[in-house]
Each structure stands twice: as C-alpha cells, then as structure tokens.
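A quick write-up on the structure given underneath.
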Amino acid sequence: KDDDGDTGGGKGAGALKTGDGVTATTIPLGVLTDMTGVYATLGKSVTQAQQLYMKQLNDDGGICGRKVQLTIRDHGYDPRKAVSAYTELEPKVLGFPQFIGSPFVAAQKKRIDGTDKGLVIPQAWSANLLGSESIRQIGATYDYEMINAVDWLVKSKKVKSGDKIGHVYFEGDFGENALAGSKYAADEAGLEVVEQKIKPTDQDMTAQVTALKKAKVKAILISAGPAQSASLTGVAAAANLPVPVVGNNPTFAPQLLKTQAAPALLKNFYFLASTLPIGDKGSGPAELAKTYSAEYKGDLLDNGIIAGWAAADVFAKALEGACKDKNLTREGVRKALLSMKSYEEGFGITHDFSDPAAPSTKESYVLRPDDKAKGGMAVAEKAFTAPAVEGYTPEG
Amino acid sequence: MTEDAPEKTADAPGQTPSLEVRDLTVRFAGLTALDAVSFTVAPGSLHAVIGPNGAGKSTCFNVLSGVYRASAGHVHFGPDELTGLPPHRIAALGVARTFQNIALPPYATVADSLMLGRHRLTKAGFLAAGLRLPSAAREAERHRERVQEIAEFTGLERYLDHPAAALPYGLQKLVELGRALCMEPRLLLLDEPVAGMTSDERRRTAAVIAGVREGLGISVVLVEHDMGVVMRLADEVTVLDFGRRIASGPPAEVQRDPEVVRAYLGDTNNSEDAEEGVTS
Amino acid sequence: MSSRIRIGLIAAGALVLLALPFYVDRFWLQAGLFAMAASIGAIGLNLLTGATGQLSLGHAFFLAVGAYGYCALADIVPTALAAIGAVLVAGAAGGLLSPIAGRLSGAYLGIATLALIFIGQHVLFNASDLTGGYNGRDVPALNIFGLSFDDTETVVLAVPFESMEKLWYAGLLLLAACALFARGVLRGRPGRAMNAIRDHRVAAGVMGVPVARLRAWVFVLSSMYAGLAGVLLALIVQRTTPEYFGFALSLEYLAMIVIGGLGSVAGAVLGAVFVSLLPQLFDRYSESLPLVSASGTGGIAPGEASSYLYGAAVVAVVLFLPGGLVRLGSAATPRALTLRKKEPTDESAPA
Amino acid sequence: MPHAALQVGALTAGYGPVRALREVTLTVGDGAVVAVLGGNGAGKTTLLRAISRTLGFHGGAVAGGEISFGETRLDRLAAPEVVAAGVVQVPEGRRVFARMTVADNLRAGALGAPRGSRSVSLERVHDLFPVLLERAAQPAGLLSGGEQQMLALARGLMAQPKLLLLDEPTLGLAPLAAERIAERIREINRQGTSVLLVEQNAAIALRVASEAYVLETGRVALSGPAAELAASDEVRRRYLGVVDEDAAADAERIADAAPVLRRWQP
Amino acid sequence: MTTFFELLISGISLGAVYALIALGFVVIFRATEVVNFAHASLLFAGGYVTALLTDDIGFWAALIVGIAGAAVVGSLVEFLVIRRYRGRDHSVLAIVTIGVDIVLLTDLTRRIGTDVLPLGDPWGDKIVQIGPLAIPETRIAALLTAALVIAVFLLAFRYTSWGVAMRAAAEDREAAALMGVRLGRVSLSAWAVAGALAAIAALFLTVFPTPGLERNTSLVALKAFPAAIIGGLDSTTGALAGGLIVGVTEAMVTGYQDELSFLGRGLGEVAPYLVMLLILLARPAGLFGTRELTRV
Ligand SMILES: Nc1ncnc2c1ncn2[C@@H]1O[C@H](COP(=O)(O)OP(=O)(O)OP(=O)(O)O)[C@@H](O)[C@H]1O
Ligand SMILES: Nc1ncnc2c1ncn2[C@@H]1O[C@H](COP(=O)(O)OP(=O)(O)OP(=O)(O)O)[C@@H](O)[C@H]1O
Ligand SMILES: [Mg+2]
Ligand SMILES: [Mg+2]
C-alpha cells in the first residue's frame, strides 16, 4: 500500500528532486472535470483544450525530458464522485490543472492545504477559494467582475447615482460571490441593488422581470446560466423593460444566438470576462481557435477553451520553473508559480500569481454577443480595472 | 422507547363484564346502517346477531372494535365506554374480532399472524427487541408456547410455517379465529366464521367455538348466516334488518318469528338450513 | 445453507473486513466507508419503507440533519457528544413530522417527504451562520477519548493510519451495531406490528397495534439511522455541502432497499453496497469498458457509460430478482417469505 | 348461440411444488348446471383458475391435461381470450373493484360483452339485485359483504357468458338471498347459459345442479347425477350435514377430540 | 396592483405547463398505480425529436412526429421493462422507472450535449397586451391546450371503456383479466399516452420565455410532482388545479421576494412544496384525489 508519499520516481536527471508520482519519463497530472453534469458545457471545452495543449507540449519534448500525462475523471457534478475521484488520483499525480465545481474544491480545501499541497487550478472563480498557496485561480474572481461591471455601467452613463439595478443570481457560490461584488460596488456608486436569487431549475424569468420592473431598475446584472440570461433578456425586452443586461462568467453561450432570444441578446446583453473572447482577432485567441477547430472538428468555440488552455499553460510554466529549480515536486511547482509575477498568456491580460490572497488579475473586458464573430462574442471595451476595487477585500 | 406498552391490562380473565349496546346509530352519506340498535351480551354467553345482507351486522362489529365511529348511542363493556376509543385501546380492554373479508398479511407465516395476536399482551418495545434484552427473549418464548397451544386447539399446527395466502379460504378463516384467540380476549366478535366451509368443517369449527366458550368462559358475539351453527351455539339471538332490530330472544323463538322468516330465512327452506351442521 | 457454514462465512468475512485497511489504499477505504454509511441509512429506510410500508423520499433531509447537526453541535460540545446529539436531533426532526408521517401513506407520503428535501436545502443555503450557506462547513474530526479520527498519521504495524483507516473501524462497528439492532427490531414484537401495519392497517389496529403512534416512532427511528449515516458521511468527506443532500440522494436510498430487498436488514446492506460502489467502479474502470473512449476524446464518456450501466443494473436487478439481492444468498429473513417457499405439500392439504 | 360444452381432460395443475389438481376429468354439457363439491383445499378454486387461465396470477401453472370449450382449446389462450370465448368466472372472495362505483363495476363486467346488448343485461342484473341500483353511485368497497357478493355475480352476468364459472356464489349470503341466487342460476341456465358451480352449500348446489363432482385433495372422488350423489351417505354426511347415527357419534368424537383450550396464566 | 396581476397571469400561464406535465403522472398512476419517475425523460425525448426535425420539416410536422416519438418511447418502456415485472409492489415499479430515467436521461443529455435547441414554434416571443398586462402568446396557447387535453382525459377516464378498463386493471389485475381486460394493451396505451402528453408539455416548457430545450430542461419536470399531489394523484382535474396552484405560488413568491426576504431568498421553488404540505395536512389525498377506503 503506498502512503501518498514522495516515493514515486527515482532521483534521475542530475540533482533533480522529483516525487509525487513523477517518474523518469512522465509527469502525471489529474483532471477532475464534469462532462455529464450541469457544467458539462464548460467541462468539455476545458478538457479538450487541455488535452490539446499537453499533446503539443509533449510533441515539443515535454518538460524536463518527461512527457506530461493527464488522467481524467468525470464526476458529473456529483459531490461523492468528485471526492472519490480526488482521493483516487491525488496519490498518483503531481497536481490538477483542472478541478470543476468550486463546492468540491472547497470540500477538499482542508486536505489540499493540510496534507496534499498539490497545485490545483479550479475552473471556478469564486473568491472563497482565494488565500491558499495550492489552490490558484486564473483570472478575476466573480466579485471583481461584478465590481467592474457596475463601474462600467456608471461610467458609460447607463445608470447614475440613486438608480436601482437588479441582480439575478444563482443560489450557490457563483451567484452569491458575484452579488457580494455588485453590492459593494453599488454602495460605492450610490446605487441600490434589487436581489433576485434563483435556482438552476428556474428557467422562466418572467416573474423576476416583473419584480424588477416594479422596482424600476435601470440595469440588470445576471450571474446564472445561459438559459436564464437568454430568458431574462428576452422577457425584459418583450415586457418593454429595455435596460442593459450585464452578465459574468458562464452566463453566456454562443448557442443562444440560435434561439428566440438572439435579437434581444444582441441588443441589450453585455458580458464581463478576464480574457479576450475566443473569436477575437488578437493573435492568441485566433491561433488557438484555429488549432482547436482543426483538432476537434465541428465542436463549438467558447471561452471555456481559453480558460482550459490558459490553465494548462500556467501549469506548464510552473512545471518548467520547478524544473529549473531542480525541484519537480508539489512544493517546487507551488514555489515556481508564486514567482510568476507578470504572466501574459496571449489572451490580453497580465496575471500576477505572487499573492495567493488576491486573484491573479482584477481586470475585465466588456464583451457583447456578436453573431458574426467565432464563439459569438466580440470586445465592446478593452480590459480595465474599476477604481473601486482598491478598497475591496473579498470575503474568503 | 416503549412506544406502545398496553394501556390497560386489568383484565384477569374470568370476571368477564357484560357488553351493553344502547341505541347504537351509524349513518353514512345517504344511508343509516344502524338505527338505534340495543342489545346486551351477558357475561360468558354466546350472542348471535343475524340479519339480511346489508342489515348492519358488520357495521355493528366495526363500531364495537373502534373501526367506525358511532353517530349516536353508547357501547359499554363493563365499566369502560367503548364508543370513541381507537381500535388499539379497545383491543387493550380484551375485545378481539375476526373479519368477514379475510384480513391476514398474505406473506407472513401463520405463526407470525398468531404472534401478532399476542401484541397487546407483550411489552418488548424497540429498545428491548433491538438490544435483544433477555426479558424480551423470555417473553417471546412464553408466548410462542401459548401460540402453539392455540394452534393445536384450532387445528392449525400443521400450517404454522405456511404463508397465509397459500392456504385455502376455509383455513384462512380458521387462522383469523386463531389470531383472535391469541389475544386472550374477554369478548370475542366473530364475523361469519364458518363461511366457505363444508358442513363437517363447519361442525369442527363450531366445536372449536363451543370449546372456547366452555374453556375460557368468555362472551362471544357471533354473526353468521348458517342458521344451523347459530341455532346450535347461540344462547340469545338479535335480528337486524335495514339497521333496525326486528327481533331478539332465544334461537328457537326467533327462528319461528314471522318477521324474521319474511325478512331473512324465507320459509321455503329454513327446515333444511336448520339441519345443516347440526350435531349432538 | 447450514448455520455452521454460515457462521464460518460470516467470521471469514469479518476477518477480511478487519484486515483491509492494512492492504488497500485510501480510495478503496473511502469507497468502503461510503458504502457503510449508505448501509446504515438504508437499514433505516428499510425499517420505514420496507417493513412498515411507508414510502419516504425525504431520507436525504435527515442525512443532512445528521451531518450539519454534527458540525453545529461540535462548536459547543465535544465531538463524541456532538455525534450522538446529531443523531438525536435527526430523530427529533423525524418526530416533528409525525403528524404527516402518522396520517399519510403510499405515494402521497412519498412526495410529501420529498418536500423536506427542497425545504431542507433551502435552509442549508440560507441559514448561512449555522450551515455555512453555499460554502458548507468544515467537519471537525471526531475525537473519542483522545483518539482523533483526523489525518494525523498514527503508525500501526508499519502502516500509517490516517482518517480513513481509523474511520473504517468506527464505521464497521457502527454498521454492525445498527444492523443487529434493526434485525432485532424486525424479528421482535415491533417488527411484527410494523409488518401488520404494512399489510393491513385496520386489522393491525384491531389487533392492538397503535397504528399512528407506531408509524411515527418508526419514522423517528429511521430518521435516527439516517442521522447517523449523515454524521459518518460528514466525517468521511470532512466537509458538508448543501448540493449533496438532494433529490437524487433520496432516490439512491430508495433504490438501495429495493435492489437489496424490501424489509430485510441484509437486503438494505447489500443494496447499499451495490448502489454506492457500482458507479465508483464503473467510473474508475470505465475507460477499459468496450466502446467507451477516455474522457474528453469524444464518443461515450466514461461518466456516461457508468450511468448507462448503473441505470440498466437497477432495472435488471428489480426485474429479474424480484425480492432483491437477498434472494441470491439465503440471507433472506423469514419476513421475506414468498408464496413460492414453504407451501403446504399436498399431504398437508386437508381432506 | 353456438352449442358448446366444456371438456376438462386429465387436468393436472399446481403451485410450484404443490399439486393442487391431479388428473381431473370433467364435463359440462351445453346448457347443463354442474356442481363441484369438496372440502377446503380440495382444489375447486384451482380448477376454475385453470379454466380461466388465471393460475399465473398465483404462481401456479397447468402441468398437464387439456381444457376445451366447444372447438376452442382454452388451455392455449390468455385469460381475456377465455372471456372472449364466452367463459366467464365469478371469482372466490368477490374481488369487486373497491374504489370504483357499483355502476362502473358493472360496466367493467360488460367489457367482455358485445357492445349493443349492455343496457339489456344491465336491466336484467338490476331486477335481479335491486340493491345494486340503489347503490349505483357508491364505491363498491363500501358495500356489505353480501352486497359485494351480489355485485360480483352481477358483474359476471354483464359479460353475457355462454359458460358461467361460479366460485362459492352464496358465500356470505343470507339464506333468503342464497335461495334467490339459486333460483336465478336456474333461470340464467334456462336462458341458455351453462354453469359450473363450486359451492360449499351443498344443499343448494345439488338442488340446482344436474350433475355433480366431488373433489378431494385434487382428485375426483365421486361423480354422477346430482340426485344420486345427494342420496349417497358419504355426501349426505360430509357435505349435506344430514345426521344419521354413526355420523352423530363420529361428530361427537370430533367434538371430544377437539382439545379444550385452558385459560392462559400470565 | 398591476404587478400583482402580472404575476398572477405569469403564474397561471406557467402553471398550465406544470399541469400538462402533472397530467402525464396522473395518467400513468391511474392506469398502473405507479409513480413514474421516468416522466422527465419522456418529456425530454419528445422535445428533442421535435427540436431536431423542426428546421427540416417545419414546426407542426415536427411536433406531430415528436409526440409520436415520445409515445413510442413510452410504449417501449412499458413493453421492455414494466411488462416484465412479475412482482406486485408498486413502489418497486417506481424504482424501475428511476433506472429507466437514468438511462434515458444520460442518453438524451449526451445527444443534446451543450446545445440549446429552439423548437421553432410559430408564436415566437409575441406578446398579447391586455391593458397593462403583457402575456406571451406561447403561454396562452399552453393554457388552452392544458384545459382542452385535461377535459378530454376527464371524459375519457369517466365514460370510455378504455377508462373503465384502465381503472379496473389498476385496482385488481386478476379480476380485470377475468372481465376480459387485456392488461398488456391497457398499460401499453397508458404509457404511450403519457409519452405523447410529455411531448406536448415539453413544447410549452421550452418555448418563449425559455430559450429552448437544453440539458437542464428535465429538472423542471420535478415541479410537476407537487402539482400532481396537490390535485390528487389520481385526478385529472386535480392535475390542472395543482399545476395552476404551483405556478401561481411560485410566481407570487418570486415576484414578492423582497417582501419575503426574511424567509431567505429564492423561495420560489420551495413554496409550492410548503403549500403541498399544508394541503396534505388538511386533505391527505390531495384536493381532488379519492381517499383510500377502509371497509372491513
Ligand atoms: N364505510 C361505509 N360507507 C358507506 N356505506 C357503508 C359503509 N360501511 C357499510 N356501509 C353500508 O351499510 C350497510 C350495512 O353494512 P354491513 O356490512 O354492516 O352489512 P352486514 O349486515 O354485515 O351485511 P352482510 O351480511 O352482507 O355482511 C350496507 O348497506 C353497506 O353498504
Ligand atoms: N397461491 C397459492 N400458492 C400455493 N398453494 C396454493 C395457492 N392457492 C392454493 N394453494 C393450495 O392448493 C390447494 C387447493 O387450493 P384451492 O384454493 O383450490 O382449494 P379450494 O377447494 O378452493 O378450497 P376452499 O373451499 O377453501 O376455497 C390447497 O392445498 C392450497 O393450499
Ligand atoms: Mg357483514
Ligand atoms: Mg376455493
């Protein structure tokens, strides 16, 4: 019986210190994804992107003369499966470039920080995961996105001090973390937030819109799923409440542009993200889009691809760093990542990983649906950081 | 967790009290099943209640055993008022019954059905049974012996480990009787106990019922359409028709009562029916 | 199978179970522990649904009460007491439901209890300061007389014992105790009364069984089992999250008892093991299944394959083993008798 | 209606290991009324189940022999097809649809019958059992035992059978009602329906029937014209309960043999 | 005040959709006394077929095919699974349907993948203005359809031989067989019908205001449970009433979330269950359900 210990791998390659499953030939990494559950949309893109990245990486000779090897477990967003999958892979892998479902990451936080200490990159941007050396998100957390969103609404004259803005959000960390941001920013800007909490089973936003209409909101923030944002935008338009709808992270999917809601979305919907959209002309996205489509023909392009790719890239960079420091262990990888102060993955944002307590960036782009662009998204305003973020400390 | 320790076990057999039914009335949406019916069952006697189908006999039993609520009237069993008590409280007073339409758990063995009859006489609650306290074990042992006795008495010993549903109708009737006896009742209500038996089976069952009365000296109320059995066993007969009492008295009289003949027996064949099942 | 052989088998099985932590790794122990927790919960549900005929879809709620109750109580009392307290709280929660549990039955009770889940989850999400809201709560490690069930290594016979290893034995102990208790209940006086209620409510009442009260008590008892299962689960996962205690979980428990065998303890355990291990096995080995392509290579993902198989298995077992897995072994309790067994032979038919 | 007789040849049937019927052979001539007597567990119900092909519902099966009604081999059909062939059973223990109204129970009975004739047969059963008209709207489960028995019988008649299988039709009926049933059976029979009558009330059965069979533990023990059987001592004693001396003595013995139950000392 | 009416309207129209789903449960329950957990996946199947074909053969044709398709799926479930079950315990059959549901859902979600499929209905996002109130045409259509379909079934159950046979079979299979009821056909037809109903429900569940059929659509079918129970599991009228009650409760509670925030937010989904509990306390068999009879 192996005791999750530093026994794996020999002391090969000079004084290179290895462990945690790293052998003379391979660096095993774990991927805990959801390809059959509620986040299947995200999971598929992220995973495929990461597989693509690692394939290229290995073709170029891998890292430290070793091939990187992904072991994938699909937990279908079932907590018990997720926990089991982590328990199964943890002893065998150096770290996790993907772990979908922040509740599950949170569930393992204790073990990750306490005993395992392997680098985990969650595909979830909730601030309650901040503050750990081993759990590192890439990009702004939900709350920062919403702060930026509010700031943008104000400075683009869509709302003014004294106005009300609505915020429709999912029960759970995604929505409620986003709400924390919007509330903070609203206070700063002298706005009032009208809350509408929903569950994934609420797919008809009529009642919510009615309530917001009653409250005379001037803009609506939404932190929910694509179906909800489509319904919300559609109903708002139909119920002549022609206000801007601003969403963040997974609230938009290009598929929506094929539905009834398309016109409304094109007209009123905005979207905050801390990367360029996949459809952007910029070199990074364009190239990725090309190679990805070449690999997975017919698969839709969405921002999950970028997220996955970026995570893989960051992990790889950290591995290289660790390799340089002759310390290809979990500890080494962590250290290497902490030393990455200005990392630019080619998606338009510079990240700083030196402070585990802060997100790697506080910047966001404002995007808009665009039925011509790949991935259905185009930049409406380039990356910026709301002044308000300075005073803000995420509750973690 | 002695969730259902029997409420009242002040029923040392022997001083069987008398059963008083006073102006018992039961109404259902649209019809009156029992209309101010009164009769008294003397301690240790066998009282037959007969009458046409739908006369209200089973309804009467349902009230006596707490399954139905009476719309009016009273039932006294010695000092206790039965009307308004829930079934299990009435059972705790020593009132047992059988059902006209067999009501046995289909897959439970006959032995288990009989042991269920001991429920009110035993105490083991969740804790005792769960922790297998010796007291519970001893209790179970003692009562299994008694069940064996009663099985032999009713002639069921051969079927103790058969599931009830696999037994023919007549035997199932007998199991019901046995289960009622296992309650060590002071008052026994039998709803058509010999229905669906051949006449010598009827005779045997009749013998059992007689034996119960002699052996235990308890009161029995008998609903039965087999006049032979009624004539042989009953000390007193009450006749119902459309929920009203149309006659009562010793069997021989009642059988001659023209009302009864008209409403129930029909003159064509009562002699023949009377023959049925008569012995000794 | 003769009782001697049977005892022999049981002893052997026990030995294997006791030895396992020295040989298998954390994943398997954890899987095993999940199965144990499930077994305890399933036994509880089988007392209610199998033996008393009271369909319940709200089991997940009581699991949640147990799990969160433990976390909450651990703030104020020693963890050992907290565990006991949590079980009692779960029982109390069941008791609060007795007006419904006592009166309803069948599908109506089933779906009425379904309400508990949604209400429960709502509370879990919103009563943040007690439940930690969407974040859930860290589960303080159980600590009995200085022996702490956390991840601090205690080396036993050159094998480092972490939480899973220690919990393993605790789990075994609890499961054995719960199973024996339930078996006693089922074979004893309460069990007979419960079956009577299931088979013929009115007759049961007339036989002296206080129907409503007994139903309520059984509901309490099964809730306590669920509570205990919840505590154990919490200790295994070391974190409670609201999502987990949902509709799906309740259905899982229902599936367990039906697959294992309604109304019998052995059935509950078999079913629990079946239902909680199968998906994990499928997940772990699904790459090696035919016509399955590893996650993310398109085609049928392992996750999908495993849920296909799981669903099919559920159907197959129920269809082809009516009466459940217990039929396989002779572990059937007398209560699981069918008409097939023990019929009168024709000699015994009366003349 | 086409002439048809029920032929049961060397029928063997049982439930799992239990042999409930062995080599039973019996005939119900067209337009005849045949009675089957027998003690508990003799196999009477099993016989009817075998004819109606409902043994399967009880984990039983036909092991051998054949059953034919006119040209049709019943033992090759499924239960509903047997009904379609004109063989209708009124099962033991009523089995009325408790939650359906009396009226709907009767409609259910007519499902097997040709559509047009329903109103006719409805009238017939109503003047046969007036109580069913009064209670038309009441859930059948709330009827009294005997009323349910009447309903069960009426439901069977609604199908306008060529052959009617009756399993203890007078069970739980008041003497008067039982008498009326007996008359009605004759009447139905006069109208051209053959009847196979399983009955504990041998007095009535033998009076109604033209032929009779006596089953004992699954075998045909006696058979012949009803009148002859009614005359035989065996039948008189065991099924008619008519007492001659030795029978009385015998009965005495039974009574004594029956152990007395002593009080239970807790 | 207009807010109230707007909420009322949106509640009723949403409720109509729930009613349609609930009716599916009711049909199966009445015919077989089985609580059908696979109904969600039947619904999903119908919607999926419709969505696939709508572009090629036009909406109405696609809808017909979808309905037929779901009916076929339903029949298959009955024929391949339900019919094979030899036991008599209905709660066990319910578990079988859970298994079926898992398989069907897995397959359908796999096919749908990450897509959001519009059904290409003629109503689009058109709105009917009644004074200050705006009602989507889709929902008016839903309400009418629900009322119509439910009326039809009410009559069918009461007055057709099919209905009688179905109820008889549900209560006592053997006795029904003795009446000449072909048990197989009856339950087959019931499942086919349930499938068809599910497909219709799927349509109204996925048109405006919701963007289209997607993998989470089936979750919504859960809400039909309280609807069916509130009305009474064996009552068609109940399905309508229950559906409307659930819809309105949900809309109201959501709309007045601010006023109710002390109960915690997002109560919209929970409220129907609370209502259900209250109703069950008063009427253990739902509003229109038949109480179990205790006659011995
Ligand atoms: N729960 C009930 N609801 C409505 N009517 C009922 C109910 N119970 C009994 N009845 C009616 O009350 C009348 C008396 O029924 P009861 O069962 O007492 O008759 P009975 O004397 O037992 O007849 P039988 O000899 O046929 O058993 C019957 O007409 C029956 O329809
Ligand atoms: N479902 C069953 N499973 C097993 N054995 C059965 C089953 N039904 C009946 N038997 C057995 O078959 C034999 C015949 O039973 P059957 O019911 O035919 O007798 P019967 O003549 O109808 O008796 P009764 O007059 O009491 O109705 C009996 O020994 C009985 O134990
Ligand atoms: Mg009666
Ligand atoms: Mg019989």
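For A:THR275, the residues whose modelled amide H falls within less than 5 Å of its own, excluding neighbours fewer than 5 places apart on the same chain, are A:TYR365.
Of the residues C:LEU109, A:LEU42, A:GLY175, the one whose Cα sits farthest toward the positive end of the charge dipole of the protein assembly as shown, with +1 on the Cβ of Lys and Arg and -1 on the Cβ of Asp and Glu, is A:LEU42. Counting only residues at least eight positions apart within a chain, or on another chain, the aspartates and glutamates with an alpha carbon under 12 Å from that of D:LYS162 are D:ASP30. Inter-chain neighbour count for B:54-60: the average number of beta-carbon atoms from partner chains within 10 Å of each residue's beta-carbon is 4. The Cys residues in the protein assembly as shown with no partner Cys Cβ within less than 4.7 Å of their Cβ are B:CYS60, B:CYS182, C:CYS71, C:CYS178. Think of the protein assembly as shown as a dipole: +1 on every Lys or Arg Cβ, -1 on every Asp or Glu Cβ, centred on the Cα centre; then among D:LEU197, B:SER71, A:SER156, A:SER156 lies furthest on the positive end. A cut-off of 5 Å between modelled amide H atoms, ignoring neighbours fewer than 5 places along the same chain, links B:ASP241 with B:ILE246. Placing dummy labels 7 Å off each Cα toward the beta-carbon, the span from E:THR237 to E:ASN216 is 3.7 nm.
Relative to the longest principal axis of the Cα atoms of chain A, the long axis of helix A:79-89 lies at roughly 30 degrees.
Pairs of Cα atoms nearer than 8 Å and 6+ residues apart set the relative contact order; for chain D it is 24 percent. Here region A:53-200 is treated with +1 on each Lys and Arg Cβ and -1 on each Asp and Glu Cβ, and its dipole about the Cα centre works out to around 280 debye. Think of each Lys and Arg Cβ as +1 and each Asp and Glu Cβ as -1; about the Cα centre, that makes the dipole of the protein assembly as shown roughly 520 debye. Here the contact order of region C:16-244, divided by its residue count and restricted to Cα pairs under 8 Å and six or more residues apart, works out to 42 percent. FRET efficiency for the pair B:ARG138 and C:ALA80, taken as 1/(1 + (r/R0)^6) with r the Cβ-Cβ distance and R0 = 45 Å, rounds to 0.85.
Scalar couplings 3J(HN,Hα) for region B:182-193, obtained by applying the Karplus form with A = 6.51, B = -1.76, C = 1.60 to θ = phi - 60°, are 4, 7, 6, x, 9, 9, 10, 9, 10, 9, 6, x Hz; x denotes Gly and Pro. Size descriptors for chain A (Cα atoms only): Rg and Dmax, in that order, 21.0, 71 Å. Compared with the dominant Cα axis of chain A, that is its longest principal axis, helix A:303-324 is turned about 30°. Highest GNM mean-square fluctuation among A:THR275, A:THR206, A:THR233, for chain A modelled with Cα contacts below 10 Å: A:THR206.
Helix content alone sets the calculated 222 nm mean residue ellipticity of the protein assembly as shown: runs of n ≥ 4 DSSP H residues at -39500 (n - 2.57) each, divided across all residues, give -15500 deg cm²/dmol.
Note on chain B: GNM, Cα springs under 10 Å; of B:LEU114, B:LEU187, B:LEU156, the largest mean-square fluctuation is that of B:LEU156.
Just the number: Rg to Rh for region D:98-159, Cα atoms, Kirkwood Rh, two decimals.
For region D:98-159, the value is 0.93.
Relative to the longest principal axis of the Cα atoms of chain A, the long axis of helix A:226-238 makes an angle of roughly 10 degrees. Close amide-amide hydrogen proximity is noted between A:ILE27 and A:LYS67, A:VAL68, A:GLN69, each under 5 Å apart and 5 or more residues distant or on a separate chain (H modeled in the peptide plane; Pro and chain starts excluded). Build a GNM of chain A with springs between Cα atoms under 10 Å apart, and of A:LYS197, A:LYS297, A:LYS267 the one that fluctuates most is A:LYS297. In the structure shown, the pairs A:LYS44/A:LYS164; A:LYS157/A:LYS216; A:LYS218/A:LYS382; A:LYS290/A:LYS317; A:LYS297/E:LYS126 are assessed against 28 Å; a Cα-Cα span above that value is assigned to A:LYS44/A:LYS164; A:LYS297/E:LYS126. Indicate the gyration tensor shape class of chain E (rounded, prolate or oblate), computed on the Cα atoms with a ≥ b ≥ c the square roots of the eigenvalues: a/c under 1.5 is rounded; otherwise a/b larger than b/c is prolate and the rest oblate. Since a/c reaches 1.5 but b/c is at least a/b, the shape of chain E is classed as oblate. Fewest neighbouring Cβ atoms within 10 Å first, the residues B:ASP161, B:ASP257 line up as B:ASP161, B:ASP257. 3J(HN,Hα) along region D:141-156: x, 8, 5, 6, x, x, 4, 5, 4, 4, 4, 4, 5, 4, 4, x Hz, from the Karplus curve 6.51 cos²θ - 1.76 cosθ + 1.60 with θ = phi - 60°, whole Hz, x for Gly and Pro. Applying the Karplus relation 6.51 cos²θ - 1.76 cosθ + 1.60 with θ = phi - 60° to region E:150-160 yields 3J(HN,Hα) values of 5, 4, 3, 5, 3, 5, 4, 4, 6, 10, 8 Hz, where x marks Gly and Pro.
Give the calculated FRET efficiency between B:GLU20 and B:ARG256 to the nearest 0.05, with a Förster radius of 30 Å applied to their Cβ-Cβ distance. Efficiency computed from Cβ-Cβ geometry: 0.65. If only the Cβ of Lys and Arg carry +1 and only the Cβ of Asp and Glu carry -1, the dipole of region E:172-236 around its Cα centre is close to 140 debye. The Kirkwood hydrodynamic radius of the protein assembly as shown, based on inverse pair distances between different Cα atoms, is 36.0 Å. What is the antiparallel percent of DSSP beta bridges lying wholly in the protein assembly as shown, to the nearest 5? Of all bridge pairs located within the protein assembly as shown, approximately 50 percent are antiparallel. Let me know the shape class of region A:120-273, please: from the alpha-carbon gyration tensor, a ≥ b ≥ c as square roots of the eigenvalues, rounded when a/c is under 1.5, otherwise prolate if a/b is greater than b/c, or oblate. Taking the square roots of the gyration eigenvalues as a ≥ b ≥ c, region A:120-273 is oblate.
Taken together, the values in this text are just the output of simple stated rules run on the coordinates, not laboratory data. This structure is a prediction, so every number in the text was calculated from the model and none was measured. Positions of Cβ are generated from backbone atoms using ideal geometry, with glycine treated the same way; all protein chains shown enter the neighbour counts.
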